[in-house]
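*Asks:* My questions all concern the structure below.
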Amino acid sequence: MYDLSAVRRDFPILSRKVNGKPLVYLDNGASAQKPKVVIDTITRAYAEDYANVHRGLHTLSTISTERYEAVRGTVARFLNAASEDEIVFTSGTTEGINLVAYGWAMPRMEPGDEIVLSVMEHHANIVPWHFLRERQGVVLKWVDVDAAGNLDPQAVLDAIGPKTRLVAVTHMSNVLGTVVDVAAIARGARQHGVPVLVDGSQAAVHMPVDVQAIGADFYAITGHKLYGPSGSGAIHIRKDRMTQMRPFIGGGDMIREVHKDGVLYNDPPMKFEAGTPGIVEQIGLGAALDYLMGLGMTRIAEHERDVASYAMDRLSGLNWVQVQGRAKQRGAIFSFTLDGPAHAHDISTVLDKKGIAVRAGQHCAGPLMDRLGLTATCRASFGLYNTFEEVDALIDGLELCHDLLA
Ligand code: PLP
């Protein structure tokens, strides 16, 4: 049984009011709220156990290091990785993908080599590849989605040619909510000997993820969307790929020895983690993932499926609301526009007056916006604590927008 009231009580911010109205937080796709256990873990880490990690021999450093390093195992369990040695800590998905771009792709790509991307990618999974295009003459090959926002795995595989060196694809669109069959893509790409990077920023929040079952080479997640602290995150990198990678950022901790005439790097995954890391952020991420695993990702997914299906029904009942993306496999993320002159920013502002937080804009997805022929949408993205009543509040808010702005 999913006890929604108990879950909501775990999140202190949900009891606050915004503009005199109970908060209806539907901006989870941008960043999720934090349960008390995460807030308490962060407070305790600073108040009782804080010191730098790895370098100290004193008690606090040892405790801090143990707590921090234990999170590697927690992330491995959350993603069902074969080993915690395959988990590199990052500040979020953006850093994870840049690590792959600089550490794995840059040293081995030549002019004319190709990277296959979908048009549905977030800028975090586009801009690092543009760096390779600009600096090394790498060609970006774009795979379209259909009118409903489905990405056909076969279309991605068909885009692979003899010069393709990487497929980089999202597991779930942050705009359309489309869930991509990344396991089929990884399976097919392996037959061509092409590695696959999956942007798991959104998917890992809404469904159980099993990186071994998916079989991709790189799978990036970001902590702040997973109900953990901002500045936390991780990337799962298959061992054989890790051994091929060059370090990305240089500094302390990622080295074993440094001399005037050379350096000896630490073993992976430490080799890819330079400088003082987000110690407390990662410890907080561990608490968030334990919380999610305690609730059960399958049960969270079931709850969100019910709320999302209710939201789709209610939004579809408003014939002046255009929901963007009705893919066969989709999650609890809805981007929409209103017929008439109402701009997404105005809609968001009116909703905010009712205590409803949504996002408005292009959602860091320029190529998808071009594909949709839009400059902005409103996005309501649901999380594990959202209710059917909050869907109703959104609909009431949109009816008000329609009256005021149409
Ligand atoms: N990829 C997707 C699909 C996202 O939704 C986001 C964040 O909005 C990112 C990547 C980037 O994540 P972060 O900014 O946490 O690095």
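Where a number appears in this text, it was derived from the coordinates with a stated rule and is not lab data. Being a predicted model, the structure only gives us computed values, none of them experimental. When we count neighbours, we look across all protein chains shown, and the Cβ atoms used for this are built from the backbone with ideal geometry, even at glycine.
*Asks:* Going through the stretch 37-47 one residue at a time, which ones are surrounded by 15 or more Cβ atoms within 10 Å (Cβ to Cβ) and either under 21 Å from HIS206 (Cα atoms) or in contact (Cβ under 8 Å) with a residue 12 or more places away in the chain (or both)?
*Replies:* Matches in the stretch 37-47: VAL37, VAL38, ILE39, THR41, ILE42, ALA45.
*Asks:* Between residues in the stretch 126-143 that are free of Cβ contacts under 8 Å to residues at least 60 places away in the same chain and residues that are part of a helix (DSSP H, G or I) and of a type in the set (Phe, Trp, Tyr), which pairs lie under 7 Å by C-beta distance while being six or more apart or on different chains?
*Replies:* LEU140/TRP129
*Asks:* Okay, moving on. Hey, among the residues in the stretch 221-279 that are hydroxyl-bearing (Ser, Thr, Tyr) and crowded, with 18+ Cβ neighbours inside 10 Å, which one's nearest to the chain's Cα centre (by Cα)?
*Replies:* Among those that are hydroxyl-bearing (Ser, Thr, Tyr) and crowded, with 18+ Cβ neighbours inside 10 Å, it is THR222.
*Asks:* Continuing with this model, one more query. So THR222 clears everything in (1) under 15 Å from GLY103 (Cα atoms); (2) β-branched (Val, Ile, Thr); (3) in contact (Cβ under 8 Å) with a residue 60 or more places away in the chain except one condition, right? Which one?
*Replies:* If we test THR222 against (1) under 15 Å from GLY103 (Cα atoms); (2) β-branched (Val, Ile, Thr); (3) in contact (Cβ under 8 Å) with a residue 60 or more places away in the chain, just (1) comes out false.
*Asks:* Can you pull out the residues in the stretch 207-238 that are part of a loop (DSSP other than H, G, I, E, B) and over 19 Å from PRO269 (Cβ atoms)? Break it down stepwise before answering.
*Replies:* From the stretch 207-238, those part of a loop (DSSP other than H, G, I, E, B) are 207-210, 215-217, 227-232, 238; that's our starting set.
Result: MET207, PRO208, ASP210, GLY215, TYR227, PRO229, SER230.
*Asks:* Also, quick follow-up: Residues in the stretch 207-225 that are within 10 Å of the ligand (Cβ to nearest atom) and touching a helix residue (DSSP H, G or I) at 6+ places or on another chain (Cβ under 7 Å): how many?
*Replies:* Residues flagged as within 10 Å of the ligand (Cβ to nearest atom) and touching a helix residue (DSSP H, G or I) at 6+ places or on another chain (Cβ under 7 Å) within the stretch 207-225 amount to 5.
*Asks:* Can you pull out every residue in the stretch 263-300 that is basic (Lys, Arg) and over 23 Å from LYS36 (Cα atoms)?
*Replies:* Listed by number, the list holds a single entry, LYS271.
*Asks:* Another one. Taking GLU66 as meeting all but one of (1) under 22 Å from PHE248 (Cβ atoms); (2) in a helix (DSSP H, G or I); (3) away from the ligand (no atom under 16 Å from the Cβ); (4) not polar (S, T, N, Q), write down the number of the exception.
*Replies:* (1)
*Asks:* Let me ask something else about it. Please work out which one of (1) closer than 17 Å to SER31 by Cα; (2) out of contact with any strand residue (DSSP E or B) (no Cβ under 7 Å at 6 or more places or on another chain); (3) β-branched (Val, Ile, Thr) is the condition VAL358 fails and give its number.
*Replies:* With respect to (1) closer than 17 Å to SER31 by Cα; (2) out of contact with any strand residue (DSSP E or B) (no Cβ under 7 Å at 6 or more places or on another chain); (3) β-branched (Val, Ile, Thr), VAL358 is out only on (2).
*Asks:* Something else about it: Check PRO268 against each of (1) closer than 30 Å to ARG77 by Cα; (2) assigned to a helix (DSSP H, G or I) and name the one condition it does not meet.
*Replies:* (2)
*Asks:* Conditions first: (1) touching a residue at least 60 places away in the same chain (Cβ under 8 Å); (2) away from the ligand (no atom under 16 Å from the Cβ). VAL263 passes all but one, so which condition is the exception?
*Replies:* With respect to (1) touching a residue at least 60 places away in the same chain (Cβ under 8 Å); (2) away from the ligand (no atom under 16 Å from the Cβ), VAL263 is out only on (1).
*Asks:* Moving on. Can you find a residue in the stretch 17-33 that is in a helix (DSSP H, G or I) and either surrounded by 16 or more Cβ atoms within 10 Å (Cβ to Cβ) or in contact with a helix residue (DSSP H, G or I) (Cβ under 9 Å, 6 or more places away or on another chain) (or both)?
*Replies:* No, that holds for no residue.
*Asks:* Filter the stretch 192-206 down to the residues that are assigned to a loop (DSSP other than H, G, I, E, B) and away from the ligand (no atom under 15 Å from the Cβ), then identify the one that is nearest to ARG238 (Cα to Cα).
*Replies:* PRO195
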